[in-house]
Amino acid sequence: MDVKDDTGTAGLPIANTLGCRVHTHMRFLLGTKVHMTQVWDERGDARPVTVVSVSPNVVTQIKTVEKDGYNAVQLGWGSRKPKNVNKAMKGHVKELGSFMGLREWRLALPATQNVGDKIGVDVFKKGDEVTVSGISKGKGFQGVVKRHGFHGGSRTHGQKHSEREPGAIGGGARAGGRVAKGMRMAGRMGGERVTVKNLQVVQVIPEENLILIEGAVPGRRGTVLEIRSV
């Protein structure tokens, strides 16, 4: 999907009042992570790639400043059995399909698409640079060494069990003797939205609805990914 916008005097994208930035000829898709593999390029070099499956995205709603207060395009992705779609969703998408979910992108200018339009992997081509966002793998409750990269305590000088301890977290003159806000401590790790920029499209396979992106992207197999042009 292409979306054009105006640029300022410095040639930079204009940000709307909600802080959304839209680049010239922005394209975006929703897909699911399949797995990682490697392919060989024309020089015979192995390139690690992530295979992303993209079932055709369907435009389910066009939002405008006049009606909704902002410009946006809403897409439906994936498919599920109609019996598993609730009445609210059925009333919203009507006969467009039984989608796994909906996602919208805010735009600086009104969209040029219409409700019901389908968007496939052919909006990207080999060599395009993209930004990929998704939910990272959940790693559960982790200590400070794995979660924040702490080095742990000394292994010598009379210390026995301090290899992975966090050390002091307050007291003395630090923050008035209390634990300061934002203190890095053990806790839940992963399961957060992660964005990886400047990845390259290595191959597009329209007949199989697959797009191969160089490098690693967030999430496990089956994670929903947002793919946007740079």
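Annotations
- Inspection of segment 203-217 finds a residue satisfying the criterion of being assigned by TED's automatic domain parsing to the domain that holds Gly76, on the phi < 0 side of the Ramachandran plot and of a type in the set (Gly, Ala, Ser).
- Arg164 of a type in the set (Lys, Arg) and closer than 30 Å to Lys125 by Cβ: no
- Hits in segment 42-93 (condition: under 30 Å from Ala108 (Cβ atoms), among the charged types (D, E, K, R) and part of a strand (DSSP E or B)): Lys63
- When Ala15 is tested against (1) of a type in the set (Gly, Ala, Ser); (2) modelled with pLDDT of 90 or more; (3) not assigned by TED's automatic domain parsing to the domain that holds Asp117, just one condition goes unmet, and that condition is (2).
- Residues of segment 136-179 satisfying the condition of being more than 30 Å from Gly219 (Cβ to Cβ), surrounded by 10 or more Cβ atoms within 10 Å (Cβ to Cβ) and out of contact with any Gly (no Cβ under 7 Å at 6 or more places or on another chain): Ser154, Ile169, Arg174, Ala175
- Filtered by the rule that a residue be basic (Lys, Arg) and more than 12 Å from Val59 (Cβ to Cβ), segment 114-132 gives Lys125, Lys126.
The rows are residues; the columns are (1) modelled with pLDDT under 90; (2) among the hydrophobic types (A, V, I, L, M, F, W, C).
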{"position": "Ala10", "(1), (2)": "yes, yes"}
{"position": "Val65", "(1), (2)": "no, yes"}
{"position": "Gly78", "(1), (2)": "yes, no"}
{"position": "Trp105", "(1), (2)": "yes, yes"}
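- Residues that are hydrophobic (A, V, I, L, M, F, W, C) and either modelled with pLDDT under 90 or touching a Gly at 6+ places or on another chain (Cβ under 9 Å) (or both) within segment 54-63 comprise Val54, Val58, Val59, listed in sequence order.
- Residue satisfying condition, being free of Cβ contacts under 8 Å to residues at least 60 places away in the same chain and in contact with a strand residue (DSSP E or B) (Cβ under 7 Å, 6 or more places away or on another chain), within set Gly222, Gly187, Gly171: Gly187
- Strands (runs of 3 or more DSSP E) wholly inside segment 113-230 that include at least 2 residues being among the hydrophobic types (A, V, I, L, M, F, W, C): 129-135, 193-205, 210-214, 224-229
- The residues of segment 25-41 that are out of contact with any helix residue (DSSP H, G or I) (no Cβ under 9 Å at 6 or more places or on another chain), under 16 Å from Ile227 (Cβ atoms) and assigned to a loop (DSSP other than H, G, I, E, B) amount to a single one, His25.
- The listed residue being touching a Gly at 6+ places or on another chain (Cβ under 8 Å) and β-branched (Val, Ile, Thr), out of Val85, Val73, Val93: Val93
- Single unsatisfied condition, Val201 versus (1) of a type in the set (Val, Ile, Thr); (2) surrounded by 12 or more Cβ atoms within 10 Å (Cβ to Cβ); (3) more than 36 Å from the chain's Cα centre (by Cα): (3)
- Residue count for segment 119-172 under the criterion of being in contact with a helix residue (DSSP H, G or I) (Cβ under 6 Å, 6 or more places away or on another chain) and in the same structural domain as Val196 (by TED's automatic domain parsing): the result is 2.
The values are calculated or read from the model by the stated rules, or taken from the named source; none is laboratory data. All figures in this text were calculated on a predicted structure; none of them were measured in a lab. Neighbour counts run over all protein chains shown; Cβ positions are idealised from the backbone, glycine included.
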